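Worksheet: the structure to be examined is printed underneath.
The values are calculated or read from the model by the stated rules, or taken from the named source; none is laboratory data. What you see is a predicted model, and the numbers here were worked out from it, not measured in a lab. For neighbour counting, all protein chains shown are included, and Cβ atoms are generated from backbone atoms with ideal geometry for every residue, glycine included. Ligands, DNA and RNA are excluded from the accessible area calculation, which covers all protein heavy atoms including side chains. Shrake-Rupley method; radii C 1.70, N 1.55, O 1.52, S 1.80 Å.
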Amino acid sequence: MEKNNSFLNQANQSAEVAFILLGFSEYPQLQLPLFLVFLTIYTVTVLGNLGMILIIKSSSRLRTPMYFFLSHLSFVDFCYSTVVTPKLLENLIVEDRSISFTGCLMQFFFVCIETETFLLAVMACDRFVAVCNPLLCTVVMSQRLSFVLVIATYSWGIACSLKYTLLFLTLPFCGTKFINNCVCEHAAIVAVSCSDPYINQEITLASATFNEASSLMIILTSYVCIFITVLKMPSAGGRHRAFPTCASHLTAITIFHGSVLFLYCVPNSRSSWLMLKVGSVFYAVVIPMLNPLIYSLRNKDVKAAVRKLINTNLVCQLMINVK
């Protein structure tokens, strides 16, 4: 009972704290150019991800497990970018860069949802089934199993985020705290805590490392099996058809996990804060824009669905004009 009261008192005290996201405030001459760049990126992100979802939902050719997972990846990217980018844009054009404790807590919670990590792993399993067992693909990766896998990735991501958020609430804060980042992320927040965050950092690092390592293990295992299967294919045509189905996914994996590992490797020192800011912005703002571009530019099915959707809209518009 005393522990619960202590926790509530600490949470109430922290709720009175104000955080200030410093962002790129040390470069005043770059504020407007950065605003225009990030606004453009966010616009492309919203149009690209929502457009991808619309195309997948409206095309009967894209009603496969691969595109079902891709539609959820687009949804996650859209939500992730929307949680981070508007506040980033606001801080680039206003002098008041403060964010309430509750606002920072909510942003921290959504930023820590690791659904995309395991969604990419699930997509690797789908590619494994499609390449290694193409005749059984629709049976093995059924609609029901696909739905269960997506629900599992959301559930696990939210559960992990709740754990990180509860650890966040155990940290005491006092007065006005300057967060040397554009986002309320873990490393920047624990740096301004009024107590030793060692245990908090170790628990968070262990959990995040487990998620990263396990998802990478699933991906590597899937692609090793895919690579062996492709090498055993007797015809060059079969190999040529197999690789394009994996190329986009491998590109997305490389960019996503490369940025995550970069953030892990950045040393926690004052001299590395700029690298951490750039890495956080790339992870939270740029990657959500890249995924729909990666999956659409080299994908014939998506291109065909886009052309069909455009032609259908043009025909409808012409019929309306004629009437």
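What full-extension length gain, to one decimal in nm, is calculated for Thr170 and Phe227 as 0.36 nm per residue of separation minus the Cα-Cα distance?
Values: separation 57, 0.36 × 57 = 20.52 nm, distance 4.61 nm.
Computed gain between Thr170 and Phe227 is 15.9 nm.
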Requested in this report: Please work out the FRET efficiency for the pair Val148 and Glu95, using the Cβ-Cβ distance as r and a Förster radius of 45 Å; give the result to the nearest 0.05.
Outcome: 0.40
Report summary line: To the nearest 20 debye, the chain has a Cα-centred charge dipole, built from +1 on Lys and Arg Cβ and -1 on Asp and Glu Cβ, of 1660 debye
Report task. Using only Cα atoms, find the angle between the long axis of helix 115-132 and the longest principal axis of the chain, and express it within 0 to 90 degrees, rounded to the nearest 10. Result -> 20 degrees
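Explain nothing, just the number: dipole magnitude of region 64-200 about its Cα centre with +1 on each Lys and Arg Cβ and -1 on each Asp and Glu Cβ, in debye rounded to the nearest 20.
On the way: 6 positive and 9 negative charges, 58 e Å.
In debye, rounded to 20, region 64-200 gives about 280.
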Report summary line: Taking protein heavy atoms only, a 1.4 Å probe, and rounding to whole percent, the accessible area of the chain owed to carbon and sulfur comes out at 70 percent
Report task. Place +1 on the Cβ of every Lys and Arg and -1 on the Cβ of every Asp and Glu in the chain, take the dipole about the Cα centre, and give the residue among Ala247, Val286, Leu47 whose Cα lies farthest towards its positive end. Result -> Ala247
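Could you state the accessible area per residue of region 93-249 in Å², with a 1.4 Å probe and every protein chain left in place?
Numbers: 7800 Å² over 157 residues.
About 50 Å² of surface per residue is accessible.
Report the gain in length on full extension from Thr82 to Thr43: 0.36 nm times residue separation, minus Cα-Cα distance, nm rounded to one decimal. Write down the numbers at each step before the final one.
On the way: separation 39, 0.36 × 39 = 14.04 nm, distance 1.04 nm.
Full-extension gain reported as 13.0 nm.
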Query raised in the report: Hey, what's region 16-63 come to in accessible area per residue, 1.4 Å probe, Å²?
Result: 56 Å²
Query - Nearest 10 degrees, 0 to 90: helix 31-58 Cα axis against the chain principal axis - result: 40 degrees
Requested in this report: Have a look at Val230, Pro86, Leu120 and report the one farthest towards the positive end of the charge dipole of region 18-321, computed about the Cα centre with Cβ charges (Lys/Arg +1, Asp/Glu -1).
Outcome: Val230
Query - Overall form of region 36-115 per C-alpha gyration tensor (a/c, 1.5; a/b vs b/c) - result: oblate
